[in-house]
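Since every read-out is calculated from the coordinates, none of them should be taken as a lab result. It should be emphasised that the depicted structure is a prediction, and the values quoted were computed from it without experimental measurement. So basically every Cβ, Gly included, is an ideal-geometry build from the backbone, and we count neighbours across all protein chains shown.
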Amino acid sequence: MSEVPALSPTLARRLRTAGAAITGASETQLVPQARLSGPMPWVIAIMVLLTAIAAAAGLALGNLAAQASADLAGGVTVQVVNAAPGARMRQANDALAVLRETPGVAQVRLVPAAEVNALLEPWLGTRSDDPAAADALPVPALIDARLDGPANAAALDRLRARLAEVAPDARVDAQAGWLEPVFAALDALRWLAVALIALLALTMMAAVLLAARTALDSHRGTIEIVHMLGGTDAQIARVFQRSIAIDAAAGGALGLALAVAVIIALGRRFEALGSGVAGGAGLGWVDWLLLGLVPLAGVALATITARSAVLRALRRML
Amino acid sequence: MTGPDAEIVRFDNVGLRYGTDKEVLTDISFTLFPGTFYFLTGASGAGKTSLLKLLYLAQRPSRGKISMFGTDAITLPREHLPGFRRRLGVVFQDFRLIPHLSAFDNVALPLRVAGVEEDDLRKPVADMLEWVGLGDRSHARPATLSGGEQQRVAIARAVIGRPDMLVADEPTGNVDPDMAVKLLRLFEALNRLGTTVVVATHDVHLLRKVPDSLIMRLDRGRLSDPTGALRYPPRRAGLVPSR
Ligand SMILES: Nc1ncnc2c1ncn2[C@@H]1O[C@H](COP(=O)(O)OP(=O)(O)OP(=O)(O)O)[C@@H](O)[C@H]1O
Ligand SMILES: [Mg+2]
């Protein structure tokens, strides 16, 4: 009978050390890796794609609203509405003079008739320069003013009081006021984006949880054996966590790549509109950075969810 | 050699029931001493596997006290269990090999779990597989091995870490008599190195093959102790001849 193979005492002693990592290569092979063949990466890819697009929309809307309100804050429009061109011009010039001397008014200018016509062109058609023709359809004189402070109700009332005498036909409005419903709509859309992102995160968590449970069930035997051989909960959780993190990273990268393609394509479309309003809806580098965080958050979410599912199952074993 | 330091396991009035069924183990009291070779016998269904499960900490008793390595094993916090389990080698009645790992990787598993480096474990694992006669099958998956070969892989995995206590459930049930004797020699060699060995078997011929062994007999969930050696252990258990 041959002698029993000896195990060096140091090796035997190493066996007692609890909590050591299962070494690199063997850790990954404990659970058979069926990478990118299961539904997991695809689910994550779709989730990241949708989340990134919702986030990009939210951020773009935010930029648009911020830029528009910065442009419009303190902006005041004075319209002189009088059918008689002479009276209209006189009142407008007097109002202009008064506004120039009013404290708190930083800038003021009379919008030239050509500019007003251009603004109205889409609605009224091309107008000839013939004064008779022009007067047939009276257009108000417009004064564009910018206040030092916000164009709130008190500031507007003060302006109205000063203009009442010289220009009785003047109508004073805050520029932002015109866009109030637009801002409200933009805000609602941003909250919608936030809600969508929250729902997508919940769905992703649920999907990851299901995937982790399925993986756990199909490897319950393996887990029990490693557990009985003295594997710690942390060791076993790490194996699963890692395999799911790799799946999630692959899915996340794919999802982000698709999202970037979609966002750039949409951005081009909006640029093509050439509208001054849509021009403010671009994404800054901080926004792109935030979008880059979406797949990272997905990987973190997947890893944490998988880990807690495995640990909960392990805690039920003695 | 007496006192709690000298005993490796102690059961006091242990009872076990599964769910609400009647007890499958009743009033089990015994002490296991380091470096002793025990056989656990009894008819099929007598409760051998159940008793071993208590021994390898896969099951908590319904009542009674169990201490292991001088520590109360019942109130032991969960996070201390892996440390205890690494001091045990277990041959399960149903082998419990990991199906997608080769024979080599199955045998290496306890070492890897304990954090042994690849370079340090390659040779011991290969030697152990050679010793159980599977040197040329080290890349085979369990499904491609015969029942007896799987059993030998399970045994190699249980002894590779040179545990303080080896618990084997019918470890020779699927091998021919010559291989059975050879595997018993492996257990004896481990026993000589200081490991306490507990082998459950209903093969009475096996008992005679290890002269210095003590016998625990289970009869429908009760432990009979014909020589009293379990309840009143000899001062040096290893020197008491078996009956
Ligand atoms: N998980 C379980 N749930 C319920 N009853 C069980 C369970 N495991 C074992 N039993 C019952 O406990 C009794 C003892 O079973 P055990 O497996 O310990 O016997 P054994 O002596 O190992 O038998 P064998 O020699 O056939 O392996 C049997 O009546 C069995 O039906
Ligand atoms: Mg049994």
Counting DSSP beta bridges with both ends in chain B, the antiparallel % (nearest 5): 45
Dipole magnitude of the stretch B:1-130, debye to nearest 20 (Cβ charges: Lys/Arg +1, Asp/Glu -1, about Cα centre): 500
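Could you give the size of the charge dipole of chain B about its Cα centre, using +1 on the Cβ of each K and R and -1 on the Cβ of each D and E, expressed in debye and rounded to the nearest 20? Let's see the in-between values first.
Details: 33 positive and 28 negative charges, 118 e Å.
Its charge dipole is roughly 560 debye.
To the nearest 20 debye, what charge dipole does the stretch A:167-318 have about its Cα centre, counting +1 at the Cβ of each Lys and Arg and -1 at the Cβ of each Asp and Glu? Numbers along the way, then the final one.
Values: 12 positive and 10 negative charges, 161 e Å.
Approximately 780 debye in magnitude.
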Compactness of chain B - radius of gyration and Dmax, Cα, Å: 17.6, 51
Anchor B:Lys53: aspartates and glutamates whose Cα lies under 12 Å away (excluding residues fewer than 8 positions away in-chain): B:Asp169
Partners for B:Lys48 among lysines (Cα-Cα distance below 22 Å; same-chain residues under 8 apart left out): B:Lys22, B:Lys65, B:Lys209
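Relative contact order, percent, of chain B when contacts are C-alpha pairs under 8 Å separated by at least 6 residues? Please list the in-between numbers first.
Working: 431 pairs, mean separation 72.3, N = 243.
For chain B, the relative contact order is 30 percent.
Which net charge results for the neighbourhood of B:Arg17, defined as the other residues with beta-carbon distances under 15 angstrom from its beta-carbon, given Lys and Arg at +1 and Asp and Glu at -1?
Numbers: positive: B:Lys22, B:Lys53, B:Arg60, B:Arg63, B:Arg220, B:Arg222; negative: B:Asp21, B:Glu23, B:Asp27.
Residues near B:Arg17 contribute +3 overall.
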For B:114-124, mean number of other protein chain Cβ atoms within 10 Å: 5
For peptides B:52-60, A:148-156, sequence by mean Cβ density within 10 Å, most packed first: B:52-60, A:148-156
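What's the ranking of A:251-264, B:203-216 by average number of surrounding C-beta atoms within 10 Å, highest first?
Details: A:251-264: 19.1, B:203-216: 16.7.
By packing density, highest mean first, the sequence is A:251-264, B:203-216.
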Rough spin-label spacing in nm, given labels placed 7 Å along Cα→Cβ, for A:Met317 and B:His202: 2.9
